[in-house]
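The block underneath contains the structure these notes are about, expressed in structure tokens.
Please treat every number below as a calculation from the coordinates, not as lab data. These numbers were taken from a predicted model, which means no experiment stands behind them. Don't worry about glycine lacking a Cβ; one is built from the backbone with ideal geometry, like all the others, and counts go over all protein chains shown.
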Amino acid sequence: MYCKKCGSEMDDNALFCSKCGERFVTEEAPAVTAEPVENASGYAEEAAAPAENLKEKFIKAPTKSGKSYAVIFTALTLLPAIFVLMIDYVANLAIDWPATKYVVGALVVIWICSVLPVLRITPAPVTAIICFASVTMYAMFVIKEINGSMEWFTVFALPLIMILAVFIGLDSALAANKVATALMPGIVAGEAAIYSFIFGILWSHYYDDAVYMPRISVVFACGFLMLAVILAAMGYVKMINQKK
């Protein structure tokens, strides 16, 4: 017989071409699959393929277009940062303008939120959490520089931002599941119900004289909860009908 790739003559019982290395598969000679092999200590170990698949699952290599975008955006971000730092140092022989800190910090946050989602080197939930963390840290820095106090932010705003980040990460993780995708409107409405209830609790905790906000938040939470039940039921029925 002859090799289908290079046309060289092969032995009838050969599994590989002696010239180009092409594998020849027949009914009598099935394709070779990666099976566990035993090492010197007698324990079975998997082939290299599962380890590579596990690595690709958590850390993915960026695409060429993603790399190009990252390089161009990084250059465009560095140029104004270098210019602002230069002006500050030339004017004061030190970097102590508050505006310089705001501009450079904002450029860093913009770079993180604009480049990481395009590179896609980490799973979507991890990328979302990193972006939210960077925005939160920058907001905390600005508030501290302006007001000198961060009590309201740490007690009231920060927990709400972190809960929102958790919801976004959860929704991103569930987006790959077909059942969760069909029920996503109901899931989002349920998250809104939880968010409304926690909002009222944090508000009443920070403002001691707040009386009506907890009650209003419970009304909103129950409304979103009823909406979640309706949307989840509609999504489930639609999913069943599509299967038929």
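Tabulated values for the structure
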item	result
About the Cα centre, charge dipole magnitude for segment 177-244 (Lys/Arg +1, Asp/Glu -1 at Cβ), debye	640
Pairwise centroid distance, computed over Cα atoms, of segment 85-100 with segment 178-198, Å	47
Calculated FRET efficiency for the pair residue 164/residue 78, C-beta based, R₀ 30 Å, to 0.05	0.50
Proxy reagent accessibility, fewest Cβ within 10 Å first, across 201, 240, 168	240, 201, 168
Vicinal HN-Hα couplings computed from phi for segment 152-164 (Karplus, 6.51 cos²θ - 1.76 cosθ + 1.60; Hz; Gly/Pro x)	5, 6, 6, 8, 10, 6, 4, x, 5, 5, 5, 5, 5
Extension gain from residue 233 to residue 106, taking 0.36 nm per residue of separation minus the Cα-Cα distance	41.4 nm
Convex hull of Cα atoms in segment 177-244, direction-averaged projection (nm²)	4.5
Label-point separation in nm, residue 87 to residue 176, each point 7 Å along Cα→Cβ	4.5
Residue 151 versus residue 218: modelled label distance in nm, points set 7 Å from Cα along the beta carbon direction	2.8
Net lengthening on full extension, residue 141/residue 211 (0.36 nm per residue, minus Cα-Cα)	22.1 nm
Residue 188-residue 2 FRET efficiency (beta carbon distance; Förster radius 51 Å; 0.05 resolution)	0.25
